[in-house]
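Notes for the one structure printed next.
Coordinate-derived values only; no laboratory data. For clarity, every value in this text was computed on a predicted model and none was experimentally measured. Counting neighbours? That spans all protein chains shown, and the Cβs are built from the backbone with ideal geometry, glycine included.
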Amino acid sequence: MAKDSFTIDLTAFQEKIKDNVVEAVREVTTEAFRQIVGFSPTPQNSDAGYSRGSYVLSHRIAINKVDSSTTVVPGARGDKDYGAASKAMGQISNLDGLKLGDTAFISNSLPYAHKVEYLGWHSRSPYNTFEKAVVATNHRLPSIIAGL
């Protein structure tokens with residue numbers, strides 16, 4: 001009888017841990033994405049004056065695959081999407097179907113994304129958007145995990 005009650009307790013514990021792992025992955029991915037969007041050049045914060053919002057709008061979240069789609073803001077060089085950062089945050093809803101064992105991917109497949117990240121753009125130094133986001137998210141990990 002004692003063995004059965006231990007098994008029941010262990011099963012309940014296992015279910016709780018499973019839910020916490022999925023929630024931890026969701027929270028860490030959400031924080032990393034927020035940081036990536038925050039460090040990205042947007043029409044509001046681009047001192048180079050080039051950003052129409054396509055770079056930040058092309059950040060993607062996908063489960064178990066890389067989403068290689070992009071969003072290009074159409075129009076003339078001066079046209080800008082000043083709501084690009086807030087629109088990009090809609091990608092977080094892609095985590096709704098996350099399950100235990102899934103892998104969450106964050107990507108940007110614009111042809112010039114590598115240049116913006118690592119080489120710089122329009123005589124600017126590299127933005128290091130993803131690198132800065134990883135560092136910032138790592139600093140927040142203890143508080144994210146503690147909040148679960």
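Using each residue's phi in the stretch 53-66, evaluate 6.51 cos²θ - 1.76 cosθ + 1.60 at θ = phi - 60° and report the 3J(HN,Hα) Karplus result to the nearest Hz, with x for Gly and Pro.
Result, rounded to whole Hz: x, 4, 4, 5, 6, 9, 5, 10, 10, 9, 9, 6, 6, 8.
For the stretch 25-30, just list the computed ³J(HN,Hα) in residue order, Karplus coefficients 6.51, -1.76 and 1.60, θ = phi - 60°, integers in Hz, with x standing in for Gly and Pro.
Those phi angles translate into 4, 4, 5, 5, 5, 4 Hz.
Gly83's amide H: which non-local residues (gap 5+, or another chain) put their own amide H closer than 5 Å, with H modeled 1.01 Å from N in plane and none for Pro or chain starts?
Amide H neighbours of Gly83, under 5 Å, 5+ apart: none.
Check which residues have an amide H placed less than 5 Å from Gly120's amide H, if you skip close sequence neighbours.
Amide H neighbours of Gly120, under 5 Å, 5+ apart: Tyr127.
With Cβ to Cβ distances under 14 Å as the rule, what net charge do the other residues near Phe130 carry (K, R +1; D, E -1)?
Once all neighbours under 14 Å are counted, the net charge is +1.
Multiply the residue gap between Leu141 and Lys99 by 0.36 nm, knock off their C-alpha separation, and tell me the result in nm, one decimal place. If you can, show how the numbers build up before the last one.
Working: separation 42, 0.36 × 42 = 15.12 nm, distance 2.01 nm.
Fully extending the segment from Leu141 to Lys99 adds 13.1 nm.
Of Thr11, Thr30, how do they rank once you tally other Cβ atoms within 10 Å and put the fewest first?
Starting with the residue having the fewest Cβ neighbours, the order is Thr11, Thr30.
Tell me the net charge near Met89. Cut-off is 13 Å between Cβ atoms, Met89 excluded, with +1 for each Lys or Arg and -1 for each Asp or Glu.
Numbers: positive: Arg34, Arg60, Lys87; negative: Glu31.
Once all neighbours under 13 Å are counted, the net charge is +2.
Once the Cβ-Cβ distance between Met89 and Glu15 is put in as r, and R0 is 22 Å, what FRET efficiency do you end up with, to the nearest 0.05?
0.10
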